[in-house]
Amino acid sequence: MAAQKDTLLARYKDMFRIRRFEEEAARGYAKGKIGGFLHLYIGQESIAVGASATLKPDDYVFQTYRDHGTAIARGTSTRAAMAELYGKDPGISRGLGGSMHFFDPANGFYGGYGIIGGHVALAAGAAFKSKYKKEGTVSMCFFGEGATNIGGFHEGASLAGLWKLPMVLVCENNTYAMGTPFSRTSPVEDITKKAAGYGMASDRFDGHDVQEVEARIGAAVELARSGGGPTLIEILTYRFRGHSMSDPGKYRTSQEVEERKKRDPLKVTKTQLESLGCSEDEILALENQVEEEIADAVQFAEEAPPARHDVMERSVYAPSNYVYPPVGQP
Amino acid sequence: MRRPSIFLREGIPTAIRPDGTLDRTHAPDISTERKRELYVAMLRTRVIDGRLERLQRQGRIGFHIGSLGEEASILGSAMAMGAQDWIFPCYREFGALLSRGFPLQSYVDNMFANANDIVKGRQMPDHYTSRAHRFGSVSSPIGTQISQAVGFAWAAKLKRDPITVAVYFGDGATSSHDFHTGLNFAGVYGAPVLFLCRNNQWAISLPSNEQTASQNFAEKASSYGVAAKRCDGNDVLATYHTITEALGYIQREKKPMMIEMLTYRMGGHSTSDDPRAYRVDDEVDRWAKTDPLVRMRRHLEHLGGWNETDESEAKQAVEQELSQCIERAEAAPPPELDTMFDDVYQTRPPHLQQQASQLIHGPRAVDPHLR
C-alpha cells in the first residue's frame, strides 16, 4: 500500500511537472518570447508518464512534434526544455530545433518530428538496429490517430510485423487530427483493427488513468523485449488545448471540452491518491516543489545566451578535413 | 533458395474440378461460346508472350514483361468487367487490353517504340495505354496506379457515372504506401473500385510470405473497412464468377472491394530476370500442374467444345497475325525527332523551338547511325 502510494505520488509529480511546464510555455508564447509553433500536451500527460515508467534508460523513444511532455517524462530537464523553446544555446537541441524538435539521446529520447507519420519508419529502424545488434532494447513510437493514414505508418508497421521487431507503436488517439475527427478520414473507428494486416498484437484502452497506462503498455514492452514482436496500442485520450497555439478549436463545443476535463488525468490521479490515504498537504508540498522547479526553468531560459551561429553551421555536415580548392583559379 | 509458404489453395473455392467437370456453385452461368472466348484469349496471350520473349532474346525488342501462368487471373477478371468500366493496369496485363479490342498491331508497335506507337516511342516497351478502350497507363513505379484508380473512381461517383474502376497490382504492392492511402481513401469515400491483387507468390525475388506478417493479403483490406475475398486465380471460371459477384456488390452497396487472386508467376519477373537464381524448379513444376490453360482446356473438352484441331488452328491464327504485325512494326520508321518536343506545352515556347531546331539540323538528323 505504502509502496503503491509512493509510486503514484511520483507519477503525479511527473504529470504535474509536464502540466505546469506547458502552461508556462503557453504564457511565454503569448508574450512573444517563444517563436515558431507550440503544440501542447495538456490532457495527455498520463500517457507520457505511464509509458516512460515501463522503459529502461537505453530504450528508444520517438514522438511527434507534440513532444515536450514525453521528453520531460524521459528525463530531459525542464531547464533544457524551456531554454529550447526560448531558442537559447543551453536548450536540449542547442536552441536550434524549438518546440517540435527536441532531441535528447542521453535520455533515450530520439526526437520530436514535424512530418506526420514519417518517424514511424525511423522508429522501426531503431527497433531493427536493436534486434540486429541483440541489444535487448525496445523502440517505442508515439503518433496521433491522423498519422495512421500516412504511408510512413504503413511501411514502418509492415516491416515491424514482418521482422518481429522489438517495437511498441502507441497511437495517442486524441480525437482530432487538427480539426478533423477520425471518422472523416477512416472507415474503421477502431485503429487496432489495422494490427491484423501487419500480423502484430494489439491493445486499446482509455488513457486517463496513469496506472492503467503503465500496466497495459508495460505488457507490450515486455512482449517486445522478450522477442514476441511488436504491439499496436491505441490509447483514447483528449487534448484540452488547441492543436497548436494557432488553433482556436472551433470544430468542437466548449461543453465537449468541459465534459472531457472531468476525466483530466491529474484529477483522476489525485482522487486515487486521496483514496490511498494521501493528505492534501502532502500533495501540495509536492506541487510546490514543481512550481519552484518551473519558475527556475523559466528564469534560466530568460537569462540564457541565445543560440549560436557557429553551432548552427557546424550542425549541418559531419566534420571533414576536406579543404576546398580556391575558386577563380585554373 | 527460398519458397513462398502459400501453395495450397485451402478453403479457396474452385470451379473446374480435376476431371474437367464443373462445380456450379462457384462457376458463372455463361455459354460454351463465351467459355471458348475466354480460353482463346488466354491462349492468345500465351502465344504472344512466348514470341515477344524470343524477340527480346534476339535483340529485336528491348524488354518484355509477361504473364505466363497468370492468364486466368488477368483474363478471368478483365473479361468479367463491363464495357463501361475502366481498368488501371499494373504492367503485366497486356492480355486485358487486347481482350478489350485494342489492335494487336498497336501493341506490337509499342513493343518496337516506332513512329506508330501510341505513346510515341517515349517509354519502355510494355507501357501501353488507351483512353478509347478505357484502359489507364501502365505504372512502373509499384502501387501508384492504386491511388490513381481511386481518384478516377471517386470522380465517377461524384458525376453519378455508374462505372466500376478495376486496378491490378501484385502482392508486393500491398507494402507500398499507395496501397495504404488508396484503400483508406476508397473506404472513406465509398469509391467504386475493384482492387485486384494478383498474388503470384513472388515480388521479383521476394516470396510472398516474406512480404508481410499478415495471414494473407485479403486480410489487409479489413483495416480500411473494405470487403475482401480470395479466389483461385488459376481457375478462369472461378475468377470470372468471383469478379462478377464483386462488381454486383460494388454497384449495389456503393463500396469498394478487394479480391486476392491466387496464382503463380511461372516465368521470370521480366526478360531482365532469371528466376533460377532464387527459386527451385520443383516449385514451378508443382504449380505447372495447376496451369490455367490446361485446366480450362480440360473443361472445354469435357463439354465437347474443343479439340486438337481447334487448338492448333487457334495457335496458328495468332502466330500468323503476330508475324504480320511484327513485320510491319519493324518496317515502320522511328518517331520523328521533332515529336519529342510535343505534348509538353500547348504551344511550343521560344526556347524549345530553338532546341528543336538545333536538334533537327544537328548531327543526329544527318547521320542515320546516331538515330
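The values are calculated or read from the model by the stated rules, or taken from the named source; none is laboratory data. What you see is a predicted model; the values in this text were computed from it and never measured. Because the Cβ atoms are built from the backbone with ideal geometry, glycine has one as well, and the counts that use them run over all protein chains shown. Please note that ligands, DNA and RNA were not included when accessible areas were found on the heavy atoms of the full protein model with its side chains. Shrake-Rupley method; radii C 1.70, N 1.55, O 1.52, S 1.80 Å.
Could you compute the FRET efficiency for A:Lys134 and B:Asp273, with r as their C-beta to C-beta distance and R0 at 35 Å, rounded to 0.05?
0.50
Going Cα to Cα from A:Lys129, which aspartates and glutamates come in below 16 Å? Please leave out same-chain ones fewer than 8 positions away.
A:Asp58, A:Asp59
So what's the net charge close to B:Gln123: Lys and Arg +1, Asp and Glu -1, counting the other residues with Cβ under 14 Å from its Cβ?
Its environment carries a net charge of -2.
Hey, rough spin-label estimate for A:Thr175 and B:His302, points 7 angstrom out along Cα→Cβ, what's it come to in nanometres?
Taking the simple label geometry, A:Thr175 and B:His302 are separated by 6.0 nm.
Hey, how many Å between the Cα centroid of segment B:240-309 and the Cα centroid of segment B:120-165?
One Cα centre to the other: 23 Å.
Given contacts defined as C-alpha pairs under 8 Å and at least six residues apart, what's the relative contact order of chain B, whole-number percent?
Taking the mean separation of contacting Cα pairs over the length of chain B, I get 24 percent.
Quick check on packing: order B:355-362, A:151-158, B:145-152 by the mean number of other C-beta atoms within 10 Å, highest mean leading.
So the peptides B:355-362, A:151-158, B:145-152, ranked by packing, come out A:151-158, B:145-152, B:355-362.
Total accessible area buried between chains B and A, 1.4 Å probe, in Å² to the nearest 100?
Adding both sides of the contact gives about 1600 Å².
What is the distance in Å between the Cα centroid of segment A:1-24 and that of segment A:269-330?
Centre-to-centre distance over Cα atoms comes out at 19 Å.
Roughly how many Å is it from the Cα centre of segment A:210-252 to that of segment A:106-137, as a whole number?
Each part reduced to its Cα centre gives a spacing of 17 Å.
Show me the ranking of peptides B:73-84, A:282-293, B:37-48 by mean Cβ neighbours inside 10 Å, starting with the highest.
Averaged packing, sorted descending, gives the order B:73-84, B:37-48, A:282-293.
Full-extension gain between A:Lys33 and A:Tyr251, please, as 0.36 nm times their residue separation minus the C-alpha to C-alpha distance.
75.6 nm
In segment B:332-352, which residues have a backbone nitrogen under 16 Å from the label point lying 7 Å from B:His361's Cα in the Cα-to-Cβ direction?
B:338, B:350-352
What are the radius of gyration and Dmax of the protein assembly as shown, computed over its Cα atoms and given in Å?
31.1, 99
So for each of B:192-198, B:325-331 I average, over its residues, the number of other beta carbons within 10 Å; can you give me the resulting order with the highest mean first?
Descending packing order for the listed peptides: B:192-198, B:325-331.
With θ taken as phi - 60° and the coefficients 6.51, -1.76 and 1.60, list the Karplus ³J(HN,Hα) couplings across segment B:65-75 in order, rounded to whole Hz; mark glycine and proline as x.
Karplus-based 3J(HN,Hα) across segment B:65-75 equals 10, x, 10, 4, x, 10, 4, 5, 5, 6, 6 Hz.
Using a probe radius of 1.4 Å on heavy atoms only, what accessible surface per residue do you get for segment A:2-304? Whole Å² is fine.
So segment A:2-304 comes to 39 Å² accessible per residue, rounded to a whole number.
Over chain B, give the accessible area per residue in Å² for a 1.4 Å probe, as an integer.
The answer is 44 Å² per residue.
If I model a spin label as a point 7 Å beyond the Cα along the Cα-Cβ vector, how far apart are those points for A:Glu189 and B:Gln58 in nm?
According to this spin-label approximation, the distance is 6.5 nm.
So if we plug the beta-carbon distance of A:Ala318 and A:Thr271 into 1/(1 + (r/R0)^6) with R0 = 35 Å, what FRET efficiency do we get, rounded to 0.05?
It comes to 0.10.
Assuming R0 = 22 Å, can you tell me the calculated FRET efficiency for the pair B:Gln354 and B:Arg122, based on Cβ-Cβ distance, to the nearest 0.05?
Efficiency at R0 = 22 Å is approximately 0.55.
How far apart, in nanometres, would the label points at A:Ala26 and A:Leu284 be if each is projected 7 angstrom from Cα along the Cα-to-Cβ direction?
Distance between label points: 2.5 nm.
If I build a Gaussian network model for chain A, linking alpha-carbon pairs within less than 10 angstrom, which residue out of A:Gly117, A:Gly32, A:Gly91 has the largest mean-square fluctuation?
Of the options given, A:Gly32 has the highest mean-square fluctuation.
Connecting C-alpha atoms closer than 10 Å in a GNM of chain B, tell me which of B:Lys159, B:Lys254, B:Lys229 has the biggest fluctuation.
Checking each option, the largest mean-square fluctuation is seen for B:Lys159.
Counting other Cβ atoms within 10 Å, which trypsin sites (Lys or Arg not before Pro) in segment A:1-68 have at most 13 and lie in a DSSP loop?
A:Lys31
Quick one: with all protein chains in place, what share of the accessible area of chain A is carbon or sulfur, to the nearest percent (1.4 Å probe)?
55 percent
From the phi angles alone, apply the Karplus equation (6.51, -1.76, 1.60; θ = phi - 60°) to segment B:290-300 and give each ³J(HN,Hα) in whole Hz, x where the residue is Gly or Pro.
9, 3, x, 6, 4, 5, 5, 5, 4, 5, 5
Over 30 Å between Cα atoms, which of A:Lys33/A:Lys250; A:Lys164/B:Lys254; A:Lys31/A:Lys261 qualify?
Those over the limit are A:Lys164/B:Lys254.
Averaged over peptide B:206-213, how many Cβ atoms belonging to another chain are found within 10 Å of each residue's Cβ?
3
Which whole number gives the average count of other chain Cβ atoms within 10 Å of the Cβ atoms across peptide A:143-152?
2
Are there residues in segment A:186-204 whose accessible area shrinks by at least 10 Å² when all protein chains are included rather than the chain by itself, and which are they (probe 1.4 Å, ligands and nucleic acids not counted)?
When all protein chains are present, A:Pro187, A:Val188, A:Lys193, A:Lys194, A:Ala196, A:Gly197, A:Tyr198, A:Gly199 each give up 10 Å² or more of accessible surface.
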